[in-house]
Amino acid sequence: MDITGFELRRIAMPLVAPFRTSFGTETARDVLLVRVVTPEAEGWGECVAMSEPVYSSEYVDGAAEVIRRFLAPPLMAARDVTASRVAPLLAPVRGHRMAKAALEAAVLDAELRARGESFGAFLGASRDRVPAGVSVGIMDSIPELLDAVDGYLAEGYLRIKLKIEPGWDVAAVRAVRERFGDILLQVDANAAYTLADARTLQKLDDFDLLLIEQPLAEDDIRQHGELARLIRTPVCLDESIGSVEAAADAIALRAARVINIKPGRVGGYLEARRIHDLCRANGIPVWCGGMLETGIGRAANVALAALPGFTLPGDTSASSRYFARDVTPPFVLDDGHLRVPEAPGIGVDPLPDALAEFTTSSEYLTPA
Ligand code: SMG
Ligand code: MG
């Protein structure tokens, strides 16, 4: 496909409730959407970068800028662009994986729509629905946390993830375990601890957690290996895994018994699939993470989560977990699962009215 242009569209989506993590509180999602226009078809990609560089070094204004100046031009200058050529064409630019992933996703969507194939079929999905977990933010009090978890379990979520940080860990986990018994339960620290906290983290061993996600800093893969030898709860890496090479290192260093795969964090769905394949070959379970995506990013994530190595429920929740109104027809829970879209490409179309309601800016990039 030759690329006619890219639309960069910013939308502001209020969240139904504030979402607090060890690095901050989100009350709205400021999302960059990429629409690629080609003679054959159009495609959509969602950039998962947040407003501020606090989950990772990327942030949404920076992603828009690097796309505008450095990433869109070489793609528009090339002929016969396919999704598999996007990463090689963008390789001269270091980093900026979330920005690159959004472009690759848009090109892949257009390519698949043009040939009538769904994301699920292309990626190798082995199921038509995926089990849904939910990520529960840090709350002001334990009673509030128990109410929130109670509500999600009543809706049918099959796995609960608690966000933790120093001071909101053992007591919160104990309260949820005591109140709700034998549910699938895991925690995510977003890099809030150091090895000096190993004693505290050992106390979580009593609660039969599925895993502890990213307890230590992003760059500390070796230290995660040290920690993994000190605690029984399986260590899962999120922020540390930016590529298939990082995943291979983590496995070799025994720093991760489980890996969270987020296509945006690793530079796209093709790299995400490579990490899935590597983990599957090494007996490492994976699950699909979430970045508070709209229906556009969610549709593609749900397709990825249907691959055979995704043996744990993901942070792929229903649209209503995040937004009163989504920009696509909403993803809804059916018996604790989300259906994998079957139509070509990501399988869903943005709703023009909803898109218009939430749009804060739009620009159209064309070849030089
Ligand atoms: O999409 O349901 C979701 C959010 C899941 O907890 C979640 N994501 O570290 O895994 C993670 C966080 C990153 C985003 S927090 C604003
Ligand atoms: Mg995480």
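Quick note: the coordinates plus some simple rules give every number you see, no bench work behind them. All values derive from a computational prediction rather than experimental measurement. Reconstructed Cβ throughout: ideal geometry from the backbone, glycine too, with neighbour counts over all protein chains shown.
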TODO: Using +1 at the Cβ of each Lys and Arg and -1 at the Cβ of each Asp and Glu in segment 244-368, identify which of TRP287, THR359, GLY267 lies farthest towards the dipole's positive end.
DONE: TRP287
- [ ] Report, to the nearest 10°, how far helix 142-155 tilts away from the longest principal axis of the Cα atoms in the chain, using its own Cα long axis and a range of 0 to 90°.
- [x] 60
Open item on the list: Over the chain, with a Gaussian network built from C-alpha contacts below 10 Å, which listed residue (TRP44, TRP287, TRP168) shows the highest mean-square fluctuation?
Closed with: TRP168
Open item on the list: Compute the distance from the alpha-carbon center of segment 1-29 to that of segment 254-317, in whole Å.
Closed with: 20
Task: Reachable lysines, given that their alpha-carbon falls under 29 Å from the alpha-carbon of LYS100 and they are not under 8 places away in the same chain - done: LYS161, LYS163, LYS262
Task: At 1.567 mPa s and 4 °C, Stokes diffusion of segment 121-339 via Kirkwood alpha-carbon radius, µm² per second - done: 74
Task: Projected label distance in nm at THR311 and ASP80, using a 7 Å step from Cα toward the beta-carbon - done: 4.1
Task: Translational diffusion coefficient (Stokes-Einstein; Kirkwood radius from C-alpha pairs) of segment 165-271 at 20 °C, 1.002 mPa s, in µm²/s - done: 152
Task: Cβ-based exposure ranking for PHE119, PHE207, in which fewest neighbours within 10 Å come first - done: PHE207, PHE119
Open item on the list: Using amide H atoms built in the peptide plane, which far-off residues or other-chain residues are under 5 Å from GLY345 H to H?
Closed with: ARG113, GLU117, SER118, PHE119
Task: 222 nm mean residue ellipticity, helices alone, for the chain (DSSP H n ≥ 4; -39,500 (n - 2.57); rounded to 500) - done: -10000 deg cm²/dmol
Task: Rounded tilt (10° steps) of 269-281 against the dominant C-alpha axis of the chain - done: 40
Open item on the list: If you split all Cα-Cα distances of the chain into 20 Å bins from zero, what percentages do you get per bin, shortest first?
Closed with: 31, 59, 10, 0
TODO: Output ³J(HN,Hα) for segment 310-317: one whole-Hz value per residue in order, computed from phi by the Karplus curve 6.51 cos²θ - 1.76 cosθ + 1.60 with θ = phi - 60°, and x for Gly and Pro.
DONE: 7, 9, 10, x, x, 7, 9, 8
Open item on the list: Check which residues have an amide H placed less than 5 Å from LEU162's amide H, if you skip close sequence neighbours.
Closed with: VAL136, GLN186, VAL187, ASP188
TODO: For helix 221-230, report the angle its Cα long axis makes with the longest principal axis of the Cα atoms of the chain; keep it between 0 and 90° and round to the nearest 10°.
DONE: 30
- [ ] In whole Hz, with x marking every Gly and Pro, tabulate ³J(HN,Hα) for segment 284-290 from phi via Karplus 6.51 cos²θ - 1.76 cosθ + 1.60, θ = phi - 60°.
- [x] 9, x, 10, 8, 8, x, x
- [ ] Place the peptides 295-301, 185-191 in order of packing, highest mean first, counting for every residue the other Cβ atoms within 10 Å and averaging per peptide.
- [x] 295-301, 185-191
- [ ] Taking the Cα centre of the chain as origin, sum charge times position over the Cβ atoms of Lys and Arg (+1) and Asp and Glu (-1), and report the length of that vector in debye to the nearest 20.
- [x] 700
- [ ] Quick one: what are the phi-derived ³J(HN,Hα) couplings along segment 350-358, Karplus 6.51/-1.76/1.60 with θ = phi - 60°, whole Hz, x for glycine and proline?
- [x] x, 7, x, 5, 5, 4, 4, 4, 9
Task: Shape category assigned to segment 262-368 from the gyration tensor of Cα positions, a/c cut at 1.5 - done: oblate
